[in-house]
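Trainee: Okay, here's the structure, questions in a sec.
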Amino acid sequence: MSYYALQQYWWVIISLLGGILVFLLFVQGGQTLIYTLGKTEKERSLIINVLGRKWEFTFTTLVTFGGAFFASFPLFYATSFGGAYWLWMLILFCFILQAVAYEYRSKPNNIFGHRTYEIFLLINGTLGTFLLGVAVATFFSGANFVVDDLKHASWANSYHGLELILNVKNIALGFSVFFLSRVLALLYFISSLDHPQILLRIKRQLWLNSLPFLLFFLIFCTLLLTGKGCSYSSANNQMRMESCKYFYNFIDMPLVLIIFVVGVIWVLAGIILTLMGKGKKSIWLSGTGTVLTVFSLFLIAGLNHTCFYPSSYSLQSSLNIENSSSSKYTLTAMSWVSVLLPFVFAYIFYAWKAMNKSKITESELDSEPHVY
């Protein structure tokens, strides 16, 4: 494979991991519904345990996503993680709280009580999803950084990522991810819980969370497709701003447009079928739709000579897959390893199915040797 083909290949891999990660954020979304759906201590334990079976999938995928970025596009890693470190530290802090909560909530002699760890889960679910949405939105909105000729990156303000939370496009995607994670969690509960009272509360919550999700996603898509994007020339690596760049990326890559449209339709179909009482397994339809939608958005962010990390401070410092990737030798070696990815995905699917053989009930918790 040519060097450019390898760079494209790894952007596609990262895009796929990004799509899977956003789907798995339903665990975080479910954590924000602990007190909304669970009215008694027993009901809250049931909800936490049905999520506890899956939380490590999300955590592992997040680490894999970050690791793949580090290995394939290290200059982005150095620029964003080194510059916008307050944003990334907040995200990391949220996920540490989650790991602590699942580990210690039901430990013997827990002196802090269940509520302390449930608040940890609430913080992780609320802030974690929103901030991840903000971080991903910077692939389109850009950030304040500069990269010199020696590839030294530095941040151009003293807020180090906190200013990104005030950008309208970032906020719109942040809230889209937050409400989408709650919607997916509700669909997951329907397929995994056997508790009539909780299932009755889910349908109302599905309405209350689907509408703001659609609103914020529509706002984000409108801003994205009508706004400017940063393009570059492979010949001289010169960057320039281009009107409706992401809209034209869809036009130039019709297959990506089809993936995006199919993804959005599947997400909506899963929600509508469930609201009509016909979608007991809609998590798979909406979940697959989520993966496809996010996958296609990542593709238009980095392919077709697009800068996936525009600099709003120094346009010529903007990062693209050609000026920020690892060497050809590294990408080639990683590509051989990536042949194993289908086996990893197959194992994850097998483990998921094994854990979801039957719906979880309150009585099952009493007989479980390990509860969260």
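The values are calculated or read from the model by the stated rules, or taken from the named source; none is laboratory data. Just so we're clear, the structure is a prediction, and the values are computed from it rather than from any experiment. FYI the Cβ positions are ideal-geometry reconstructions off the backbone, even for glycines, and counts take in every protein chain you see. Keep in mind that these areas ignore ligands, DNA and RNA; they rest on the heavy atoms of the full protein, side chains included. Shrake-Rupley method; radii C 1.70, N 1.55, O 1.52, S 1.80 Å.
Trainee: Return the lysines within reach of LYS278: Cα separation strictly under 30 angstrom, same-chain partners fewer than 8 residues apart disregarded; answer none if there are no such residues.
Mentor: Counting by Cα, and skipping residues close in sequence, LYS278 has these lysines nearby: LYS39, LYS42, LYS54, LYS203, LYS353, LYS357, LYS359.
Trainee: Charges at C-beta only: +1 for Lys and Arg, -1 for Asp and Glu. How large is the resulting dipole of the chain about its Cα centre, in Debye rounded to 20? Walk me through the numbers on the way to the answer.
Mentor: Numbers: 24 positive and 16 negative charges, 172 e Å.
Dipole size: approximately 820 debye.
Trainee: So, one more: Per residue, how large is the accessible surface of the stretch 119-277? Use a 1.4 angstrom probe and give square angstrom.
Mentor: 45 Å²
Trainee: Sort the stretch 99-210 into rounded, prolate or oblate with this rule: let a ≥ b ≥ c be the square roots of the eigenvalues of the Cα gyration tensor; rounded if a/c is under 1.5, and if a/c is not under 1.5, prolate when a/b is larger than b/c, oblate otherwise.
Mentor: Details: a/c = 3.37, a/b = 1.69, b/c = 1.99.
Oblate is the answer for the stretch 99-210, as a/c is 1.5 or above yet b/c matches or exceeds a/b.
Trainee: Run the accessible area of the stretch 11-53 with a 1.4 Å probe and give the carbon-and-sulfur part as a rounded percent. Spell out each step's value before the answer.
Mentor: On the way: 590 of 870 Å².
Using a 1.4 Å probe with all protein chains present, the stretch 11-53 comes out at 67 percent carbon and sulfur.
Trainee: For the stretch 216-372, which semi-axes, largest first and in whole Å, follow from the square roots of 5 times the eigenvalues of its Cα gyration tensor? The partial results should precede the final answer.
Mentor: Details: eigenvalues 299, 109, 39 Å².
Equivalent ellipsoid semi-axes, largest first: 39, 23, 14 Å.
Trainee: Note down the relative contact order for the stretch 190-319 as a percent, whole number, built from C-alpha pairs under 8 angstrom at least six residues apart.
Mentor: Numbers: 151 pairs, mean separation 31.4, N = 130.
Relative contact order for the stretch 190-319 comes out at 24 percent.
Trainee: While we're here: Which whole-angstrom value gives the distance between the alpha carbon centres of the stretch 305-323 and the stretch 235-296?
Mentor: After rounding, the separation between the Cα centres reads 24 Å.
Trainee: Hey, what do the phi angles of the stretch 118-129 turn into as Karplus ³J(HN,Hα) couplings, whole Hz, using 6.51/-1.76/1.60 and θ = phi - 60°, x for Gly and Pro?
Mentor: Each residue of the stretch 118-129 in turn: 5, 5, 4, 5, 5, 5, 4, x, 7, 6, x, 5 Hz.
Trainee: Still on this structure, please answer the following. Hey, what do the phi angles of the stretch 352-358 turn into as Karplus ³J(HN,Hα) couplings, whole Hz, using 6.51/-1.76/1.60 and θ = phi - 60°, x for Gly and Pro?
Mentor: Using θ = phi - 60°, the values come out as 4, 5, 5, 7, 10, 4, 9 Hz.
Trainee: Hey, another quick one. How would LEU215, LEU90, LEU166 rank on accessible area, largest to smallest, probe 1.4 Å? Walk me through the numbers on the way to the answer.
Mentor: Numbers: LEU215 100, LEU90 65, LEU166 140 Å².
Heavy-atom accessible area, descending, gives LEU166, LEU215, LEU90.
Trainee: With every protein chain kept in the model, how would you rank MET241, MET355 by accessible area, 1.4 Å probe, largest at the top?
Mentor: Solvent-accessible surface, decreasing: MET241, MET355.
Trainee: Tell me, what is the per residue accessible area of the stretch 4-92 in Å², probe radius 1.4 Å? Don't jump to the answer; show the numbers that get you there.
Mentor: Details: 2760 Å² over 89 residues.
Computed with neighbouring chains in place, this is 31 Å² per residue.
Trainee: Counting pairs of Cα atoms in the chain, how many percent are more than 36 Å apart? If you can, show how the numbers build up before the last one.
Mentor: Values: 15880 of 69006 pairs.
Summing the P(r) of the chain above 36 Å gives 23 percent of all pairs.
Trainee: Could you tell me the relative contact order of the stretch 1-142? Use alpha-carbon pairs under 8 Å, at least six residues apart, and round to a whole percent.
Mentor: Numbers: 96 pairs, mean separation 43.2, N = 142.
Computed over the stretch 1-142, the figure is 30 percent.
Trainee: May I pose another question? Using the Cα centre of the chain as origin and beta-carbon charges of +1 (Lys, Arg) and -1 (Asp, Glu), tell me which of MET241, GLY19, LEU37 is placed farthest towards the positive end of the dipole.
Mentor: The Cα lying farthest towards the positive end belongs to LEU37.
Trainee: With an 8 Å cut-off on Cα pairs and a minimum separation of 6 or more residues, tell me the relative contact order of the chain in percent. Can you show the working numbers first?
Mentor: Numbers: 560 pairs, mean separation 94.4, N = 372.
Over the chain, the number comes to 25 percent.
Trainee: Right, here's the next one. Between the helical axis of 41-52 and the dominant principal axis of the chain, each derived from Cα atoms, what acute angle in degrees is found, rounded to the nearest 10?
Mentor: 40 degrees
Trainee: What part of the accessible area of the stretch 124-267, given as a whole %, is carbon or sulfur when the probe is 1.4 angstrom?
Mentor: Values: 4460 of 6470 Å².
Carbon plus sulfur share of accessible area: 69 percent.
Trainee: So what are the ³J(HN,Hα) numbers for the stretch 200-211, from phi and the Karplus equation (6.51, -1.76, 1.60; θ = phi - 60°), rounded to whole Hz, Gly and Pro as x?
Mentor: 5, 6, 5, 4, 5, 5, 5, 4, 5, 9, 5, 5
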